[in-house]
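A.B. asks: Got a structure here, written out as structure tokens. Questions coming.
Rule-based calculations on the coordinates, nothing more; no lab input. The structure presented is a predicted model; accordingly, all values stated were derived computationally and were not measured. Cβ sites come from the backbone with ideal geometry, for glycine too, and all protein chains shown count toward neighbours.
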């Protein structure tokens, strides 16, 4: 009887190894799943799909992108954290994963330590946009307008714990604004209500807003990056507009479950870099306003931890919570 638990552990380990390739040259021997813990059509979903196509060409295997949205990206992320560490189930992470590490204190997994980093793929700034019915044309005017109406102005986000949620919470904290957070289940409905004026303001990703801005359906006030966006060169940064020290990016990176063999991580990383260098991916990213990064696993791991600390501080400073 005393040896039964040890025997069970050994059997489980052998089962896991049986499903894993013997070496990196054998990988992948079957289709690979990439879990995107967000709704289809979001800022990171489209880029992952074209990258998946390029990886599939190199591997001769299908790379399946599956959307598992909900609860600040924790549903899809937990699925990957609990998967076999064999390289066949990967996670597309974003700033939401770093935010959730603090915003959801009772998770059954560690959003950082239960994963093996592969690469920071790219990043794009957000843009503070308002419905044209709001009588403001600059960030300074917007801050003054909101501060004259504390608690009366709503802002939309793609969900609790999303970048859109914390980007605005941080801006509100730094400018003294008191606003109401309206979380949606994904960016699609949030954008629909923003365009309809039901919610007058948001900070979504820049790329998805350019068309609406050029059509006069939304008014841009500032971008959240450290420099102006090539897609909206006339729009100042938040920092330029008087909020010193503010910057925030939507980013996307690839993770595997903790314990995935280093040789598999290295192979995925090398092939991912090749995919990011293709004309198809570079053109898509440029059109989407995404800066390709393509970091090493070690660099991505350090970046991910730094992001967790940054957003943990924002959660503490703003009192942001899951509503």
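A.B. asks: What is the Å³ per residue value for the convex hull set by the Cα atoms of region 127-223? Show your work: numbers first, answer last.
C.D. replies: Values: hull volume 8.1 nm³, N = 97.
Cα-based convex hull of region 127-223, divided per residue, equals 83 Å³.
A.B. asks: Hey, another quick one. Could I have the simple spin-label model distance between residue 84 and residue 64, label points 7 Å from Cα toward Cβ, reported in nm to one decimal?
C.D. replies: 1.4
A.B. asks: What angle, in degrees between 0 and 90 and rounded to the nearest 10, separates the Cα long axis of helix 187-196 from the longest principal axis of the Cα atoms of the chain?
C.D. replies: Rounded to the nearest ten degrees, it is 10.
A.B. asks: Oh, and also: Based solely on its DSSP helices, what 222 nm [θ] is calculated for the chain when runs of n ≥ 4 H residues each add -39,500 (n - 2.57) and the sum is averaged over all residues, nearest 500 deg cm²/dmol? Spell out each step's value before the answer.
C.D. replies: Values: 11 runs with 131 residues, N = 323.
So the calculated ellipticity at 222 nm is -12500 deg cm²/dmol.
A.B. asks: Here is a follow-up. Rank-order 87-94, 278-285, 245-252, 262-269 by packing density, defined as the average count of other C-beta atoms within 10 Å over each peptide's residues, highest first. It would help to have the intermediate numbers written out before the result.
C.D. replies: Values: 87-94: 25.9, 278-285: 14.8, 245-252: 20.8, 262-269: 18.5.
Final packing ranking: 87-94, 245-252, 262-269, 278-285.
A.B. asks: Which of 37, 183, 117 moves most in a GNM of the chain, Cα contacts under 10 Å?
C.D. replies: 183
A.B. asks: Considering only 294, 188, 205, give the residue with the highest GNM mean-square fluctuation for the chain, with springs between Cα atoms whenever their separation is below 10 Å.
C.D. replies: Result for the chain, Cα springs under 10 Å: 188 fluctuates most.
A.B. asks: Quickly rank 169-180, 153-164 as a protection proxy: mean count of other C-beta atoms within 10 Å, highest first.
C.D. replies: Descending mean neighbour count gives 153-164, 169-180.
A.B. asks: Using the Kirkwood radius over C-alpha pairs as Rh, can you work out the diffusion coefficient of region 129-170 via Stokes-Einstein at 25 °C, viscosity 0.890 mPa s, in µm² per second?
C.D. replies: Details: Rh = 11.4 Å.
Answer, rounded: 216 µm²/s.
A.B. asks: If you look at just the Cα atoms of region 231-323, how large are its Rg and its Dmax in Å?
C.D. replies: When restricted to the Cα atoms of region 231-323, Rg and Dmax are 17.1, 48 Å.
A.B. asks: Name the residue, out of 239, 287, 147, whose mean-square fluctuation peaks in a Gaussian network model built on the chain with Cα pairs under 10 Å.
C.D. replies: 287
A.B. asks: To continue, here is another question. Of all the Cα-Cα pairs you can form in the chain, what percent are over 24 Å apart?
C.D. replies: Cα-Cα pairs of the chain separated by over 24 Å account for 54 percent.
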